[in-house]
2 protein chains.
Amino acid sequence: MNVTLAIDAMGGDFGVQSTVPAAVACLQKNPDLNLIMVGDESVLRGLLADALRDFSARLTIRHASQVVGMDEPPQKALKNKKDSSMRVAINLVRDGEADACVSAGNTGALMATARFVLKMAPGVERPAIISTLPSTFGHTHMLDLGGNVDSSAEHLYQFAVMGEEVVRAVEGVERPKVGLLNIGEEDIKGNEQVKAAARLLENSNLNYIGFVEGDSINAGHVKVDLIVADGFVGNVALKSIEGAAKMISQKLKAEFSRNIFTRLAALAAFPALKAFKDSIDPRLYNGATFIGLNGLVIKSHGGADALAFETAVHLAELQAGQGVIRKIGDKIATALLEQQVLA
Amino acid sequence: MNVTLAIDAMGGDFGVQSTVPAAVACLQKNPDLNLIMVGDESVLRGLLADALRDFSARLTIRHASQVVGMDEPPQKALKNKKDSSMRVAINLVRDGEADACVSAGNTGALMATARFVLKMAPGVERPAIISTLPSTFGHTHMLDLGGNVDSSAEHLYQFAVMGEEVVRAVEGVERPKVGLLNIGEEDIKGNEQVKAAARLLENSNLNYIGFVEGDSINAGHVKVDLIVADGFVGNVALKSIEGAAKMISQKLKAEFSRNIFTRLAALAAFPALKAFKDSIDPRLYNGATFIGLNGLVIKSHGGADALAFETAVHLAELQAGQGVIRKIGDKIATALLEQQVLA
């Protein structure tokens, strides 16, 4: 499947240091991929000289004179940075020149610009952010991760409908198992929004498996492919997991650095420790998708290195190749019809 | 400080198997501790024969003919189990015979029974559940962990006031640093309740440090002693961390079990791996405190073994010894006065 992606080449903490090698690696791996690198043309032309020759038919550069700062307030970026690499990359999606864009730029500015330029998809009440996490069963996808707070039952239901298409595209699972994040698995648990959302999901065509608790994100007693939550709750869960992983890694490292004996043991244990580290490498889970807009936008972690950025580009390839945006549009239209019939 | 605790000896997945050895260990360690073991008298008398002789002045048994099941609905337990070990232990707190009670029984029944028997403390709008988690800085205390959903700004403020006393008692920190769990550190982030609670905390006498994100629970960039959240959010965060720790441990174990070489490496690395495991041992963090009632109730994890249960008993000793309930009462009264003055 031929896919064209617009890359915000200047975004993120490392800018071209990450985006350029990632772009080249992706072009090498996928012969059906076309990339438009957006940013300072003279810089990019210098860095990409070899690649422009090797992939002449699949790599182009689009000049953008500005860069959105990592701490720049969204409204300022929107007003003053109309020729930023971020904005121009999103414009390419709006104009149909690219199937999706990928940026490691600041989340607030990216979300605000994406909403402003692409607009909400018909019938969608709120856009959401979805990402993938490792689990003992493989992967779990979760949304919303911070796009919204105070989500209503209907919002949660729409998140489930949209998220299902993303999981189907990324995992190739026909009927992803959908769970609703709650503080217990019994029907009486939770707040009113979650209880009402459960009723909507039970009556839907989704493969809804019921309430799941926070531990199900990484290591539940049942497999769940998609976990639906309000953006406040989803964001706190995601960050809590990041903090736990960071603390555990630090403690493990501290114990192996304690003295000469533990350092020797670390040497002996190196292959196992390396394999362990790789198995939970957050770079292999980089990339969050903004869904619910008229176009696909993938947000990479700001601190992404080339490998992490490559993961985000690959995520965009998968979803754009599967036509996720069009499929979400169809599903939302059907879901709205169903709700009208039920109402 | 002389402290008397009532122990629900029959509660939890392992009942007397955990509670009896834990009780004996605690009596050995703390000469100022008095215990009332509540449960089947003949069973307890048999198991505690030696201890009753060794600690004759400090150990007594109180008979209770019933046990609350781990899956028993709270309302059923409340109605049908008036002579349960859980209920009788809480009654001892109400009647002033014990300074606190500790139970590994089912959370719902314990909370419902504690609320029914002890009643809410004057001025407290909602009781909350607080517990301790490991962090890169030492410990973090967090509440509410599931007592409440849809907490208002005033509820969150009260949680902070009550939680501060617990942290002071347990950690011996005079001015614990209080953070409010949010999805960003900027003022504009979050939902209305959190923003309004921030204003109340800024104007309070608490050592309020501002918003903290989920990763601050275990590994933030600043030290925080007490994290305040709505019970839905706090419970999801806690469970998410549990799931992350479980997954990471499983993956670490899997890598060291992969083949003969990694198994040999695990042998060499045993001291470091053991020290690491101990450093995040959840048994050393067992015990959640119900606060906001006219009496102190400590909930142990249902699956607690003797060591874990001992941790929960120790937590009760500390808090009862410090007169946490009385101090919370004073603080709530002052806080209410302050609010009236401000209003």
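Within region B:315-335, the set of residues being among the charged types (D, E, K, R) and over 26 Å from B:L284 (Cα atoms) comprises B:R326, B:D330, B:K331.
Is there a residue in region B:49-57 that is in a strand (DSSP E or B), over 19 Å from the mean Cα position of the chain (by Cα) and of a type in the set (S, T, N, Q)? No, region B:49-57 has no match at all. Give the residues of region B:131-146 that are over 18 Å from B:V194 (Cβ atoms) and of a type in the set (A, V, I, L, M), sorted by residue number. Passing the criteria: only B:L133.
Kindly indicate whether any position in region A:303-323 is among the β-branched types (V, I, T) and within 14 Å of chain B (Cβ to nearest Cβ). No, region A:303-323 contains no residue that is among the β-branched types (V, I, T) and within 14 Å of chain B (Cβ to nearest Cβ). Scan region A:23-61 for residues that are among the polar types (S, T, N, Q) and either modelled with pLDDT under 95 or more than 17 Å from A:S103 (Cα to Cα) (or both) and the total you get is 4. Looking at B:G15, B:G39, just one residue is touching a strand residue (DSSP E or B) at 6+ places or on another chain (Cβ under 9 Å), over 16 Å from B:A304 (Cα atoms) and in the same structural domain as B:G302 (by TED's automatic domain parsing), and that residue is B:G39.
Look at (1) farther than 14 Å from A:A104 by Cβ; (2) modelled with pLDDT of 95 or more; (3) touching a Ser or Thr at 6+ places or on another chain (Cβ under 9 Å) and you find that A:P74 fails only one, number (2). If the condition is being part of a helix (DSSP H, G or I) and either touching a residue at least 60 places away in the same chain (Cβ under 8 Å) or touching a Lys or Arg at 6+ places or on another chain (Cβ under 7 Å) (or both), then region B:76-88 contributes B:S85, B:M86, B:R87, B:V88. Number of residues in region A:302-335 that are basic (K, R) and either in contact with a helix residue (DSSP H, G or I) (Cβ under 7 Å, 6 or more places away or on another chain) or crowded, with 17+ Cβ neighbours inside 10 Å (or both): the value is 2. Annotation note: Cβ proximity below 8 Å between a residue of region B:89-102 that is assigned by TED's automatic domain parsing to the domain that holds B:A6 and assigned to a loop (DSSP other than H, G, I, E, B) and a residue that is surrounded by fewer than 22 Cβ atoms within 10 Å (Cβ to Cβ) and among the β-branched types (V, I, T) (sequence gap 6+ or interchain) occurs for B:E97/B:T4; B:E97/B:I36; B:A98/B:T4; B:A98/B:I36; B:D99/B:V3; B:D99/B:T4. Every condition in (1) within 21 Å of B:K299 (Cβ to Cβ); (2) touching a Gly at 6+ places or on another chain (Cβ under 7 Å) is met by B:M1 except one, and the failing one is (1). Any residue at all in region A:288-297 that is in a loop (DSSP other than H, G, I, E, B) and within 13 Å of another protein chain (Cβ to nearest Cβ)? No, there is no match, as no residue in region A:288-297 is in a loop (DSSP other than H, G, I, E, B) and within 13 Å of another protein chain (Cβ to nearest Cβ).
Given the conditions (1) more than 14 Å from every other protein chain (Cβ to nearest Cβ); (2) surrounded by fewer than 24 Cβ atoms within 10 Å (Cβ to Cβ); (3) part of a loop (DSSP other than H, G, I, E, B), which single one is not true for A:V68? Exception for A:V68: condition (2).
Candidates B:A98, B:A104: the one that is at pLDDT 95 or above and under 16 Å from the mean Cα position of the chain (by Cα) is B:A104.
Only one of the listed residues (A:V93, A:V117) is touching a Lys or Arg at 6+ places or on another chain (Cβ under 7 Å) and either on the phi < 0 side of the Ramachandran plot or of a type outside the set (S, T, N, Q) (or both). That residue is A:V117.
Looking only at region B:103-146, residues that are assigned to a helix (DSSP H, G or I) and polar (S, T, N, Q) come to 2 in all.
Considering region B:272-282, and only residues there that are under 24 Å from the mean Cα position of the chain (by Cα) and facing chain A (nearest Cβ under 7 Å), the residue that is farthest from B:I129 (Cα to Cα) turns out to be B:F276. For the criterion of being under 27 Å from B:A335 (Cα atoms), touching a strand residue (DSSP E or B) at 6+ places or on another chain (Cβ under 7 Å) and either outside any loop (DSSP other than H, G, I, E, B) or charged (D, E, K, R) (or both), B:H155 fails. In summary, A:I130 fulfils each of the numbered conditions (1) within 14 Å of chain B (Cβ to nearest Cβ); (2) surrounded by 24 or more Cβ atoms within 10 Å (Cβ to Cβ) with the single exception of condition (1).
The values are calculated or read from the model by the stated rules, or taken from the named source; none is laboratory data. These numbers come from a predicted model, not from an experiment. No Cβ is skipped: glycine too gets one built from the backbone with ideal geometry, and neighbour counts run over all protein chains shown.
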